[in-house]
Amino acid sequence: MSLRRLHLLDFRSFAEATFEPDPAGTTVLTGPNGTGKTTILEAVAYLGTQRSFRGAPREAMVRTGCERAVVRAELDRDGSPVLVEAEVAATGRSRAQVNRQPVRARRDLAEAVPVTVFSPDDLGVVQGGPARRRDLLDDALRLLDPGAAAVADEVERVLRQRSALLRQAGGRLSPEIADTLEVWDERLGTAGTALAEARQALCAALAPYADTSYAALAAGGEPPGGGHPAVALSYRRSWEGALADALVAGRRDDVRRGATSTGPHRDDLVLSIAGRDARLQASQGEQRCLALALRLGVHRLVTARAGTPPILLLDDVFSELDPDRSLALVGELPGGQALLTTAMPVPDGVSVASTVDVRRLLGAGR
């Protein structure tokens with residue numbers, strides 16, 4: 001899969017812009033800070049994930065004074081054209097379609113626009129709360145396993161419905177509320193357990209890739225030594241026993257709080273380096289290497305299973321790395337289409353196919 005053309009309408013600072021990257025190599029986006037380099041990458045990533053990798057709400061992606069933004073991408077899949085369009089609404093419901101057909105699930109977009117994103121904010125995957133780590137796993141599942149992706153979408157739907165019912169209950173567990181909760185709890189018990197199992201299996205598959213990449217980055221590109229793996233990934237569930245039983249046991253508390261307190265949306269990915277808790281006991285340098293290693297691990301695992309790499313989005317990642325680690329990162333990346341923003345000279349080892357000054361994109365589609 002390769003991106004051939006991207007068109008933006010009222011997306012952040014762009015009233016209108018058209019971008020045509022190199023279809024197979026690395027396109028470098030240049031320009032002063034604040035001109036929209038990261039915005040281009042954010043738009044591509046939004047098409048594949050339906051969210052901002054910068055953690056911004058959807059209304060922030062709509063140009064000031066506008067009601068909606070439009071992102072349109074023309075891609076090539078093994079010689080066949082693919083058109084992906086997304087309407088980002090400042091208020092109300094956003095929509096997306098692939099080849100003019102409405103998208104019903106996020107997994108459809110992940111298949112149409114497979115992306116891997118590296119950004120300075122990735123440090124939050126290690127340092128921050130569990131949600132960032134769950135997103136890392138679920139984004140990878142949507143690229144790797146259509147069945148697991150469907151389960152993740154089902155869990156999101158059920159949690160929305162169950163949460164709405166809990167808010168409707170107003171703190172009181174009436175017979176009617178209890179009967180309806182039975183239905184949602186059965187569905188959440190089945191889908192939530194399947195999602196936790198898929199995430200756990202992914203951790204086992206991802207761990208050796210992340211460990212190899214961490215060793216290369218931490219050593220500044222030196223070949224990793226033998227011995228016990230430096231990096232370990234462990235999936236921690238928020239419940240014991242059967243999820244359906246845990247939901248029943250916590251039902252009264254959930255009604256009182258108006259929120260679902262148990263399930264895969266409360267689970268965590270525990271990261272360790274040489275047996276130490278990476279979040280609490282690792283240095284910031286170690287945490288940064290680990291964050292990059294996790295992204296690299298996902299990218300390499302998807303590449304190995306799919307046979308082709310996802311579209312690689314590199315947002316100013318080299319600014320936080322010394323030359324040796326920059327070189328190590330470049331050496332760990334599989335070939336394929338990449339979009340790179342940087343405020344520094346491009347590191348040695350990066351073969352640049354095209355360079356685009358973002359300021360020239362403004363109004364290019366008019």
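Things to note:
- Between the alpha-carbon centres of the range 91-137 and the range 1-79 there is a gap of 14 Å.
- FRET efficiency for the pair Arg305 and Asp179, taken as 1/(1 + (r/R0)^6) with r the Cβ-Cβ distance and R0 = 41 Å, rounds to 0.45.
- Each peptide in 43-52, 259-268, 30-39, 93-102 receives the mean, over its residues, of other Cβ atoms within 10 Å, and ordering these scores from highest gives 43-52, 259-268, 30-39, 93-102.
- Label-to-label distance, nm, for residues given as Arg172 and Arg257 (7 Å Cα→Cβ offset): 2.3 nm
- Label of the coordinate-derived value, semi-axes √(5λ) of the Cα gyration tensor in Å, listed as [x] 35, 28, 17; [y] 31, 23, 20; [z] 40, 27, 16: [x]
- For the pair Ser80 and Asp322 in one chain, pulling the backbone fully straight at 0.36 nm per residue adds 83.1 nm over the alpha carbon distance.
- The range 22-148: C-alpha gyration tensor shape, a/c 1.5 cut-off, then a/b vs b/c: rounded
- The stretch between Leu280 and Arg104 holds 59.4 nm of extra length on full extension. This uses 0.36 nm per residue minus the Cα-Cα distance.
- Full extension of the chain segment joining Ala242 with Ala15 gains 76.6 nm, where the gain is 0.36 nm per residue of separation less the Cα-Cα distance.
- Taking the DSSP beta bridges with both ends in the chain, the antiparallel portion is around 70 percent.
- Over the residues of the chain, the helix contribution to mean residue ellipticity at 222 nm works out to -14000 deg cm²/dmol, using -39500 (n - 2.57) for each DSSP H run of at least 4.
Values quoted throughout were computed directly from the atomic coordinates according to the rules given, and no laboratory measurement underlies them. Computed from a predicted model, the values in this text were never measured in an experiment. Quick reminder, even Gly has a Cβ in these numbers, built from the backbone with ideal geometry, and neighbours come from all protein chains shown.
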